[in-house]
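Only one structure is covered here, and it is reproduced in the block below.
The values are calculated or read from the model by the stated rules, or taken from the named source; none is laboratory data. No experiment lies behind these values; they were computed from the predicted model shown. Because the Cβ atoms are built from the backbone with ideal geometry, glycine has one as well, and the counts that use them run over all protein chains shown.
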Amino acid sequence: MGGGCGMFYLPNFCAKAHSGDKSEKRIVVIHKSRVYALSSEMLRSGINRGFGIPRAISVNPNCIIVNRNRTLEQAYYRSVLEDLYRTTPQILAHDVGTPELWVEINAFDKRKLKRCLNKHLAKAGYARTRNLSKLAAFTAKCSELLVVCPEKEEAFLKMFKTRDLRHFGFELECLEILDLLGFRDLHSLSKLTLRHLTSQFGKEGHRLFEFLTDETTTGIIPSWNPNSITIENNVEWDYSESDYKSQITAAIELVLKKERKGIFSFQIGIGEGSKRRETRTFDHPTKNVNKVATLAVYLLKRLLKTEDELSKYKIDFYLKELDNVQSNLWGQSNWNLLKSTLNNRFPQKCFLPAPIASAFIPEDINILRPLDAG
């Protein structure tokens with residue numbers, strides 16, 4: 001579909017990332033000793049985000065408390081985006097790192113998107129503007145793509161309750177006052193001017209007005225390239241640790257030969273479910289084959305403890321451009337002594353890289369300045 005704006009919405013993204021292959025789905029994710037996310041089965045349990053652990057357990061003793069694991073979230077995030085990438089290469093994630101997942105999608109294949117929605121029990125909206133597509137995705141039923149045509153916008157806004165804007169970060173107190181004043185839906189609310197809203201609610205009113213009147217349509221979304229390569233290996237019953245390492249080493253060498261990038265993350269798995277996969281992410285992309293292979297074998301051995309018989313395993317490698325490793329040298333100790341020595345021996349011949357945060361092209365990430373200027 002094209003000409004409008006699409007939005008993919010996974011409301012319980014965080015809880016799904018932590019549920020894995022558990023038969024029990026009463027998941028409560030804890031972050032900093034507070035309830036951070038809930039599975040769909042727990043939304044009507046009486047537990048709310050922000051509850052402390054004792055309060056959550058007292059409200060529902062049968063809930064399953066799980067500490068937040070960003071590695072699981074990262075792995076599930078990649079899985080969802082790769083599925084969306086098969087729907088359309090033009091995807092752009094919004095508000096990454098929150099309990100929910102919003103992904104803007106452009107020029108997507110409707111049939112493929114519906115398959116993705118069914119797989120992840122997600123929702124999607126399609127409308128003339130970005131905010132309308134968000135509202136449509138929120139309103140849609142599970143696994144549904146809700147399309148709001150321009151001629152049906154008024155009817156849709158009349159149906160959307162003002163109080164439901166609390167799910168988009170607006171203060172409930174402000175929305176309740178508007179509801180009491182008779183502005184119970186977005187159609188009536190959109191008739192208020194900026195002056196009306198700011199005089200009553202200040203900055204919150206201004207933010208609300210911008211949300212209601214924003215006519216932003218989907219922009220040009222660059223094609224998202226996951227830069228991932230998947231290797232699947234078959235194994236024999238009598239494989240030793242050295243056999244696994246040789247096999248994994250060959251896979252890593254093949255990956256690095258295909259792409260002139262470094263490995264910044266990899267995921268090794270034996271079957272379905274988060275409990276049967278391990279993910280590791282490095283601080284910087286690396287081409288150190290032995291380092292990656294040794295860690296991968298260690299993780300595979302951990303997985304094998306829960307597996308009676310293994311016939312194959314899969315490794316997903318995620319690649320990035322290599323960092324400018326020379327820049328790390330400038331943070332070493334005795335810097336002043338080194339600078340003085342170089343200046344005395346090679347006057348006006350040595351320069352420092354000065355990183356540019358907003359560089360668009362990787363080759364332009366540094367400019368050079370004289371060493372004695374630092």
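I need the full set of residues from the range 58-101 which are in a loop (DSSP other than H, G, I, E, B) and either in contact with a helix residue (DSSP H, G or I) (Cβ under 9 Å, 6 or more places away or on another chain) or outside the structural domain of I27 (by TED's automatic domain parsing) (or both), in order please.
Taking the range 58-101 and keeping what is in a loop (DSSP other than H, G, I, E, B), we get 60-63, 68-69, 88-90, 95-100.
Answer for the range 58-101, where residues must be in a loop (DSSP other than H, G, I, E, B) and either in contact with a helix residue (DSSP H, G or I) (Cβ under 9 Å, 6 or more places away or on another chain) or outside the structural domain of I27 (by TED's automatic domain parsing) (or both): N60, C63, R68, N69, T88, V96, G97, T98, P99, E100.
Identify all residues within the range 156-214 that are basic (K, R) and out of contact with any strand residue (DSSP E or B) (no Cβ under 8 Å at 6 or more places or on another chain); write none if there are none.
Those that are basic (K, R) and out of contact with any strand residue (DSSP E or B) (no Cβ under 8 Å at 6 or more places or on another chain): R163, R166, K191, R195, K203, R207.
Keeping to the range 289-321, report how many residues are loosely packed, with under 13 Cβ neighbours inside 10 Å, at pLDDT 80 or above and over 17 Å from S246 (Cβ atoms).
1
Kindly list, by first and then second residue, each pair from a residue in the range 147-161 that is outside any strand (DSSP E or B) to a residue that is charged (D, E, K, R), limited to pairs with Cβ atoms under 8 Å and residues at least 6 apart or on different chains.
V148/R128; P150/R128; E153/R128; L157/D185; K158/D185; M159/D185; F160/D185
Which of (1) out of contact with any Phe, Trp or Tyr (no Cβ under 9 Å at 6 or more places or on another chain); (2) closer than 28 Å to E153 by Cα; (3) assigned to a loop (DSSP other than H, G, I, E, B) does D179 not meet, given it meets every other one?
Of everything listed in (1) out of contact with any Phe, Trp or Tyr (no Cβ under 9 Å at 6 or more places or on another chain); (2) closer than 28 Å to E153 by Cα; (3) assigned to a loop (DSSP other than H, G, I, E, B), D179 misses just condition (3).
For residues in the range 236-251 being among the hydrophobic types (A, V, I, L, M, F, W, C) and surrounded by fewer than 17 Cβ atoms within 10 Å (Cβ to Cβ), which is modelled with the highest pLDDT?
Going through the qualifying residues, I end up with A250.
Six or more apart or on different chains, Cβ under 9 Å: which pairs go from a residue in the range 37-48 that's at negative phi and surrounded by fewer than 13 Cβ atoms within 10 Å (Cβ to Cβ) to one that's modelled with pLDDT of 85 or more and among the acidic types (D, E)? Could you list them?
Pairs that qualify, where the first residue is at negative phi and surrounded by fewer than 13 Cβ atoms within 10 Å (Cβ to Cβ) and the partner is modelled with pLDDT of 85 or more and among the acidic types (D, E): there are none.
Taking A122 as meeting all but one of (1) under 30 Å from S19 (Cα atoms); (2) aliphatic (A, V, I, L, M); (3) in contact with a His (Cβ under 9 Å, 6 or more places away or on another chain), write down the number of the exception.
That leaves (3) as the condition not met.
Being out of contact with any Cys (no Cβ under 8 Å at 6 or more places or on another chain), modelled with pLDDT under 90 and under 18 Å from K141 (Cα atoms) is true for just one of K110, K119. Which residue is that?
Checking each option against the conditions leaves just K110.
Residue-by-condition table, conditions (1) closer than 20 Å to R302 by Cβ; (2) of a type outside the set (D, E); (3) in a loop (DSSP other than H, G, I, E, B); (4) at pLDDT below 80:
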| position | (1), (2), (3), (4) |
| --- | --- |
| P226 | no, yes, yes, yes |
| E232 | yes, no, no, no |
| E253 | no, no, no, no |
| I263 | yes, yes, no, no |
